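See below for the structure under consideration.
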Amino acid sequence: MNLQRTLVVVLALSTVRLTGAELVLPTPPLQHAPWTPPDNLPTNLLSAVRTLFEQGFPDPRGCEYREVEVVVSDIRGQPDGPVRTRGWVLPAAADAGPRFAICWNGLIYPVRSVGSPADLLAEVANVSPTPAPRPFDLAIGEARSVFFTNGLSTRAVLLLRCGETNAALKLWQRWGATADGAVGHAALRLSPRDDFDPYLHLAEDWTWALFDRLISAFVRGDDALALATARTLAQVQPKIEAEAARRGFPPRSATARTQAKGPRYLTFLEQLPELLADLERRAAEGPRQTAFQPGVTNPLTLDERARALVRDLDQVCARQWSQPGWVDFFRDPIVVRLLKAGEAGVDALLECLESDRRLTRSVSFHRNFKRQRRVLPVSEVARVLLIALWQFEFHHPVEARAYWKRYGGLPLEERWYAILRDDAAGLERWCEAARNVVRTQGLHVLFFETLAASAPATNASARFQGESLRGKANPSVSELLARRALEIPAGGQSPAYNLATACDIAFCLAEWDARAFIPVGRKLVQRCQTVLEYSPESRAWPVQRIASYVGKLTLARVAAGDEAALADYAAWLPKVTPAQLAEYLPETIAPLRLFPTNAVLQAMAETLFSPTNSFWGQLPWRGSPMFNPVESELVSLPAFRRLLARELNRQDVCGWIVWDGGSRVSIQLTNEFFGPRTHLVQDVNRPLSGNNAALRWCDWIAWSLSRIDQIPSFDPLAPFEERDRRIEQARAILQK
């Protein structure tokens, strides 16, 4: 959604969000009337259902089952309604107010319209006892849960109260047949047997439906419904928590067992008190115009305008991108305007960061199908804005206040220089300042805390943000960067020196001043090699990462004109194994891949790939499952091509090829080289039997080579005779 469209949506919703109107959800007419359960109802199910109705689960008796239209949406604020479904319509109020209906998720909804009577018997007639596995924490949204087909256990509770016992018990059998395998949590096991208690599962499905509607209504700006739902949850949550404890259910997680406060069972309701307080605040404040609504007189000063925008941060409705992902605040018009205001809004943002407890309308989540949601506070928006304005990462308000107090009077570029000069700033801050100095001018914000450079407006070469610091002397920026990359703290404080971060500073120096980088790059390569040689945990992740810096520093030295760079690299690489490099293998061998015609590297490649008994002389190379060297630039090296020619002699089976009957082939390797891979293959031959065929190692090598046009096309599903003929052709090409 572009900025203009976002602004239109915000303005369109503003009158709804800020009305302050109060909505009271009615009580069904027979909520407290006696109920005679059927004789064939399992006692454990009866106990759970009876308790839920006593705790407030809406009773559909006395309500007519009809076609209804209700408003629903999702956590991204995208409206899916109004939608037409069926529910139990409550009798009209005497004052002819809004109508309400109970939907299949067990929630009372205000309805947009009431349609014709519906046939409940016909709707539930096709309930099948066939198992339908569903994880206990599946986050079914209200766009689905208002329909009978939603999959929540609330359906059975409603059917039992309506007298549709057979349909309810069929649903019950579905859960019982799959619960032991699908739920995976002893406290949530469901079974038609009487020795399991379904209470918590039923209660959780109901409260999840309430919470999901609370979040959805809040995001789309329906504060009246959100507040009414939050109040309902606040009433029923303590009852359910107490009942679950009385029935002996263990807490949901180890964290919940040790927490003195917060939900122990309905853990997704952890933010409920905060949400309820924010909704009560909005209702008490009443209608309010945003700082940029049409007809609003803008404040006279930039500071006043910035403060008005900070006041409106509780209306930020940015959405999450991807899952897991991030909330992109910079697509919200309020945030964009604050960013344009620059540091005029810093004081207001700092106050917001330190003491503002309000919430935005932005929601973060790990996965939309998991029962976990978090409405982001306005202080988080303030933090992201300050980071964007300052290009200074921090996590605590104290850090932000200290930064502003120390550097607030300096231009942005001068702050970076001051940080580089500050001996007490530390490696992380020096590295951050160095990156800012060499970042390209003309920045614009793309998404959450990430800054990217726009293309230069002219054909002129891009300039660094720190260009104004070129005239600094005694010390110069080059001298400071070199010092910070190499300086190890005195007093033996080696943990304070992070070699990887020091290398990152050196890369900034390489961009800023290539000549000054050369001696620094040489020294850091030596340090990396020493760490790799003497580290007792040579396979540990931090050490593997250091190996990748040898490769990256070598490339930087070559770019800077260091003629000894590739010779130093060639002397070192044979001393390590692929397993030691693990996932960093592609970066570590990058010089070998990118300079295949270099005589020094070609000679070194002979020592690596020619011996058949070395770690490098046979494939696969263990430890880097996402990197296929056969499909890399290494194929340009004569020594590696001879290695591949040897590999084409191997007939051992290494996996399976599965054909989908069309043009898609899936490969499963069993030698831990790769995980499953799916490729589109043209003109495939059907396997002689079934839809799969054995994959030999020589087949995998030949197919990989054909994918990068090193050899003619190779069909991995062709008969062995045809494959072998193609493999011989490939070997001949490699040995030329």
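Per this entry, Leu389 is counted among residues that are at pLDDT below 95, part of a helix (DSSP H, G or I) and either aliphatic (A, V, I, L, M) or within 29 Å of Asp356 (Cβ to Cβ) (or both). Could you tell me whether Leu643 is within 25 Å of Ala730 (Cα to Cα), at pLDDT 95 or above and in a helix (DSSP H, G or I)? Judged against the criteria, Leu643 is a match.
Among the numbered conditions (1) within 23 Å of Trp172 (Cβ to Cβ); (2) modelled with pLDDT under 50; (3) hydrophobic (A, V, I, L, M, F, W, C), the only one that Met1 does not meet is (1). Please determine, by comparing only the residues of the range 140-153 that are part of a helix (DSSP H, G or I) and either touching a residue at least 60 places away in the same chain (Cβ under 8 Å) or not basic (Lys, Arg) (or both), which one is surrounded by the most Cβ atoms within 10 Å (Cβ to Cβ). Top of the filtered list is Glu142. Here Pro60 meets each of (1) of a type outside the set (Lys, Arg); (2) under 29 Å from Arg374 (Cβ atoms); (3) in contact with a strand residue (DSSP E or B) (Cβ under 7 Å, 6 or more places away or on another chain); (4) in a loop (DSSP other than H, G, I, E, B) with one exception, condition (2). In the range 387-398, the residues that are within 18 Å of Tyr417 (Cα to Cα) form Cβ pairs under 6 Å with partners that are crowded, with 17+ Cβ neighbours inside 10 Å and hydroxyl-bearing (Ser, Thr, Tyr), at six or more places apart or across chains, as follows: Phe392/Tyr403. Contact annotation: residue pairs with Cβ atoms under 6 Å, 6 or more positions apart or on different chains, pairing a residue in the range 110-133 that is closer than 30 Å to Leu227 by Cβ and part of a strand (DSSP E or B) with a partner that is acidic (Asp, Glu) and at pLDDT 85 or above, are Ser113/Glu69; Gly115/Glu67. How about the range 603-628: which of its residues are part of a helix (DSSP H, G or I) and surrounded by fewer than 18 Cβ atoms within 10 Å (Cβ to Cβ)? Passing the criteria: Ala603, Glu606, Thr607.
Among the residues that make up the range 557-570, is at least one of them of a type in the set (Ser, Thr, Tyr), closer than 19 Å to Arg515 by Cα and modelled with pLDDT of 95 or more? Within the range 557-570, none of the residues are of a type in the set (Ser, Thr, Tyr), closer than 19 Å to Arg515 by Cα and modelled with pLDDT of 95 or more. Within the range 414-428, the residues that satisfy the criterion of being part of a helix (DSSP H, G or I) and at pLDDT below 95 are Leu427, Glu428.
Taking helices (runs of 4 or more DSSP H) that fall entirely within the range 154-254, which contain at least 2 residues that are within 27 Å of Asn368 (Cβ to Cβ), among the aromatic types (Phe, Trp, Tyr) and at pLDDT 80 or above? Helices (runs of 4 or more DSSP H) meeting the threshold: 199-220.
In the range 53-71 there is no residue that is of a type in the set (A, V, I, L, M), over 34 Å from the mean Cα position of the chain (by Cα) and either surrounded by fewer than 16 Cβ atoms within 10 Å (Cβ to Cβ) or at pLDDT below 95 (or both). When Lys340 is tested against (1) over 26 Å from the mean Cα position of the chain (by Cα); (2) surrounded by fewer than 19 Cβ atoms within 10 Å (Cβ to Cβ); (3) under 25 Å from Pro273 (Cα atoms), only condition (3) is not met.
Checked against the criteria, Leu410 does not count as out of contact with any Asp or Glu (no Cβ under 7 Å at 6 or more places or on another chain), under 21 Å from Phe464 (Cβ atoms), modelled with pLDDT under 95 and aliphatic (A, V, I, L, M).
The values are calculated or read from the model by the stated rules, or taken from the named source; none is laboratory data. All values derive from a computational prediction rather than experimental measurement. A quick note on method: Cβ atoms are made from the backbone with ideal geometry, for glycine too, and the neighbour counts reach across all protein chains shown.
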